[in-house]
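Below: the structure, in structure tokens.
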Amino acid sequence: MPGSPRPETPDWLADFLRWLERTLSPVGEGLVTSWPVLKWVLLAMGIAVAVYTAWRVFGPDLALRPGRTRSEGEWQPNQEAALALLEEADRLAGDGRYDEATHLLLQRSVAQIAQARPDLVETSSTAREIAAQPSLPAAARSAFSTIAEQVERSLFALRRLSAEDWQVARAAYAEFALAQNGLRA
């Protein structure tokens, strides 16, 4: 209303606003003065973030040399390492420790994938995430999924694995790791 008096600002609020003005005005003046340089710094930082993001998303595919493709052979574990792993896991299974034997297969499979393709496995990666990686060859994805499924059943369904469960996981690993070389274990 035109005739109504304006409410008066409390003294403490007026004092605070004057203090805020005195405190922040140099910052504002500094930003205005440095804007010609600051805008280029901010632009460079934005470009750096965009390049980093693009590299994280597309880098592994761009890093392939021309004419080189990812093949399933790249995912085949070292033959001696695969046989040693199966021997160690078979000893656990021979003692009736099927859960531990299957979990060992999973842990070593993750390590083998991480060694071959460190860009696929991060410390926070779950077995399901790794198994769903489209850049993982189909045979490796299938074997890894089978092993992970058995381990999940053991850990999360709280159901002890049987000899048959162990054989399913073992066969999946052996077929992928050894059958490509014509070996059977």
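The values are calculated or read from the model by the stated rules, or taken from the named source; none is laboratory data. Since this is a predicted model, take the numbers as computed values, not measurements. Note that we place each Cβ from the backbone using ideal geometry, even for glycine, and neighbour counts take in every protein chain shown.
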Checklist entry - Out of curiosity, is ALA111 at pLDDT 80 or above, crowded, with 16+ Cβ neighbours inside 10 Å and part of a helix (DSSP H, G or I)? => result no
Checklist outcome for this item: When the stretch 142-176 is checked residue by residue, the ones that are basic (Lys, Arg) and assigned to a helix (DSSP H, G or I) are ARG153, ARG170
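A quick yes/no check of all residues on (1) surrounded by fewer than 10 Cβ atoms within 10 Å (Cβ to Cβ); (2) in a helix (DSSP H, G or I); (3) in contact (Cβ under 8 Å) with a residue 12 or more places away in the chain; (4) more than 28 Å from the chain's Cα centre (by Cα):
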| site | (1), (2), (3), (4) |
| --- | --- |
| PHE16 | no, yes, no, yes |
| VAL27 | yes, yes, no, yes |
| GLY30 | no, yes, no, yes |
| SER34 | no, yes, no, yes |
| LYS39 | no, yes, no, yes |
| LEU43 | no, yes, no, yes |
| TYR52 | no, yes, no, no |
Item to check | Index of the failed condition, PHE156 passing every other in (1) free of Cβ contacts under 8 Å to residues at least 60 places away in the same chain; (2) of a type outside the set (D, E, K, R); (3) surrounded by 12 or more Cβ atoms within 10 Å (Cβ to Cβ) | outcome: (3)
Next on the checklist: Filter the stretch 80-106 down to the residues that are exposed (fewer than 14 other Cβ atoms within 10 Å of the Cβ) and modelled with pLDDT under 90 and list them by number.
Outcome noted: GLU80, ALA84
